[in-house]
Amino acid sequence: MANAMIDEISRVIVGKRETIEQTVLALLCGGHVLIEDVPGVGKTTLAKAISNVTGGDFRRVQFTPDLLPSDITGSSIFNSDTREFEFRPGPLFANIVLVDEVNRATPKTQSALLEAMEEGQVTSDGITRKLPAPFFVLATQNNIEMTGTYPLPEAQLDRFFSRVAIGYPGRESEMDILRNQQRSHPVDSMSQLVELDELIKAQRAVRDISIQDKVREYVVDIVRSTRENNQLIYGSSPRGSLYLMLAAQAHAALQGNDFVRPDDVKVVAPYVLGHRLILRGEVRAKGLTGPDIVQQILSAVPTPTVSTPAGV
């Protein structure tokens, strides 16, 4: 199912299969994705494409400095006919939510989004309301024009399951984009491939993928190495360990395997851990990034030998 979704989305987001895979993996794990990239590379299109293949309700929210928490969670409006207050749901009450330029809203509004991402619920007028399931947030921020923005605090970055970048397309891919969009946008002709209840079952099935203690130890060794690395001020939290294990399970499932191999951990680790690391200033000055440090750690931590578990 996941591979069929990736194939269909790849018709729209041309030449970026790896990014699409990591986004679908996060969806299968019930996590949320932060996309950091320049404008115009297809961030909004990716969110619409995921909505189309799943048939989920899609909402887009443009974050601005004057956006209030109630603008995204919803608010109570007085009904003059019934003489009562009625709750009008905000755009977070959807299955797929695109939060555009998340770093342009104030910390108060960012915190409202944080509750929705972490708890799957919103609180408005003192009442807590559950969000629909599945609930998937794709938040974007441009890595240019940072003036007047409110950078996401490390605690909020840690709530994102993974961070990806789309990047500029290659020459041939860009030629394909021009051909495909000459008369219409291919996102409008996408097919719905799964039902929402099937997606929820797939999210549960991911957690049933077998993972041996050797691989769990490997995950812990990688995360602990980030805390002991002298290039970092802070390493990954235990949440990073949990997400890395879950992402490796999803990647194994995507490959058609019933158990997790160390290679599954290696593939997803830069996306899951990279944004959880706080680099020292002199390290950033050298042009290194979080994913670069994760790759160094993967090269240093011994890879365990894992055999096919009995009964799998």
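The values are calculated or read from the model by the stated rules, or taken from the named source; none is laboratory data. All values derive from a computational prediction rather than experimental measurement. Virtual Cβ from ideal backbone geometry, glycine too; neighbours counted across all protein chains shown.
Looking only at segment 166-208, filter to residues that are among the polar types (S, T, N, Q) and within 24 Å of Tyr271 (Cβ to Cβ); which one of those is surrounded by the fewest Cβ atoms within 10 Å (Cβ to Cβ)?
Just the residues of segment 166-208 that are among the polar types (S, T, N, Q), to begin with: 173, 180-182, 184, 189, 191-192, 203.
Checking the rest, the ones that are also within 24 Å of Tyr271 (Cβ to Cβ) come to 173, 203.
Details: Ser173: 13, Gln203: 17.
Across segment 166-208, the extreme among qualifying residues is Ser173.
Could you count how many residues in segment 116-132 are touching a Gly at 6+ places or on another chain (Cβ under 7 Å) and either surrounded by fewer than 18 Cβ atoms within 10 Å (Cβ to Cβ) or free of Cβ contacts under 8 Å to residues at least 40 places away in the same chain (or both)?
Residues flagged as touching a Gly at 6+ places or on another chain (Cβ under 7 Å) and either surrounded by fewer than 18 Cβ atoms within 10 Å (Cβ to Cβ) or free of Cβ contacts under 8 Å to residues at least 40 places away in the same chain (or both) within segment 116-132 amount to 2.
Among what's in segment 235-292 and is part of a helix (DSSP H, G or I) and of a type in the set (Asp, Glu), pick the residue that is nearest to the chain's Cα centre (by Cα).
My answer is Asp264.
Those residues that are in contact with a His (Cβ under 9 Å, 6 or more places away or on another chain) and in a helix (DSSP H, G or I), I need them from segment 23-47; list them, please.
The initial filter retains those residues of segment 23-47 that are in contact with a His (Cβ under 9 Å, 6 or more places away or on another chain), namely 25-26, 34, 36, 45.
The answer is Leu25, Ala26, Thr45.
Can you tell me which residues in segment 1-19 are modelled with pLDDT under 90 and β-branched (Val, Ile, Thr)?
Result: Val12, Ile13, Val14.
Only one of these conditions is not met by Ser189: (1) farther than 27 Å from Gln141 by Cβ; (2) touching a residue at least 24 places away in the same chain (Cβ under 8 Å); (3) among the small types (Gly, Ala, Ser). Which number is it?
Result: Ser189 passes all but (2).
So is Gln255 touching a residue at least 60 places away in the same chain (Cβ under 8 Å) and either more than 21 Å from Leu199 (Cβ to Cβ) or surrounded by fewer than 18 Cβ atoms within 10 Å (Cβ to Cβ) (or both) or not? Spell out the reasoning first.
On the way: touching a residue at least 60 places away in the same chain (Cβ under 8 Å): no; either more than 21 Å from Leu199 (Cβ to Cβ) or surrounded by fewer than 18 Cβ atoms within 10 Å (Cβ to Cβ) (or both): yes.
Against the criterion (touching a residue at least 60 places away in the same chain (Cβ under 8 Å) and either more than 21 Å from Leu199 (Cβ to Cβ) or surrounded by fewer than 18 Cβ atoms within 10 Å (Cβ to Cβ) (or both)), Gln255 does not qualify.
Considering only segment 153-186, state which residues are in contact (Cβ under 8 Å) with a residue 60 or more places away in the chain, under 30 Å from Gln110 (Cβ atoms) and either of a type outside the set (D, E, K, R) or touching a Pro at 6+ places or on another chain (Cβ under 8 Å) (or both).
Result: Leu157, Phe160, Phe161, Ser162, Val164, Ala165, Ile166, Gly167, Tyr168.
Out of the residues in segment 38-81 that are hydrophobic (A, V, I, L, M, F, W, C) and more than 20 Å from the chain's Cα centre (by Cα), which is surrounded by the most Cβ atoms within 10 Å (Cβ to Cβ)?
In the first step, residues of segment 38-81 are kept if they are hydrophobic (A, V, I, L, M, F, W, C); the result is 38, 41, 46-47, 49-50, 53, 58, 61, 63, 67-68, 72, 77-78.
Within this subset, residues satisfying the condition of being more than 20 Å from the chain's Cα centre (by Cα) are 67-68, 77-78.
Numbers: Leu67: 18, Leu68: 13, Ile77: 10, Phe78: 9.
Here the answer is Leu67.
Any residue in segment 91-113 that is not assigned by TED's automatic domain parsing to the domain that holds Leu46 sitting within a Cβ distance under 9 Å of a residue that is crowded, with 24+ Cβ neighbours inside 10 Å and among the acidic types (Asp, Glu)? List the pairs, counting only those 6 or more apart or interchain.
none
Only residues in segment 57-70 that are under 12 Å from Leu98 (Cβ atoms) count as the first member; pair them with residues that are of a type in the set (Asp, Glu) and in a loop (DSSP other than H, G, I, E, B), Cβ under 9 angstrom, at least 6 apart or cross-chain, and list the lot.
Listed by first residue and then by second, the contacts come to Gln62/Glu101; Phe63/Glu101.
Does Ile211 satisfy the criteria of being in contact (Cβ under 8 Å) with a residue 24 or more places away in the chain and touching a Phe, Trp or Tyr at 6+ places or on another chain (Cβ under 8 Å)? First the steps, then the outcome.
Working: in contact (Cβ under 8 Å) with a residue 24 or more places away in the chain: yes; touching a Phe, Trp or Tyr at 6+ places or on another chain (Cβ under 8 Å): yes.
Yes, satisfied.
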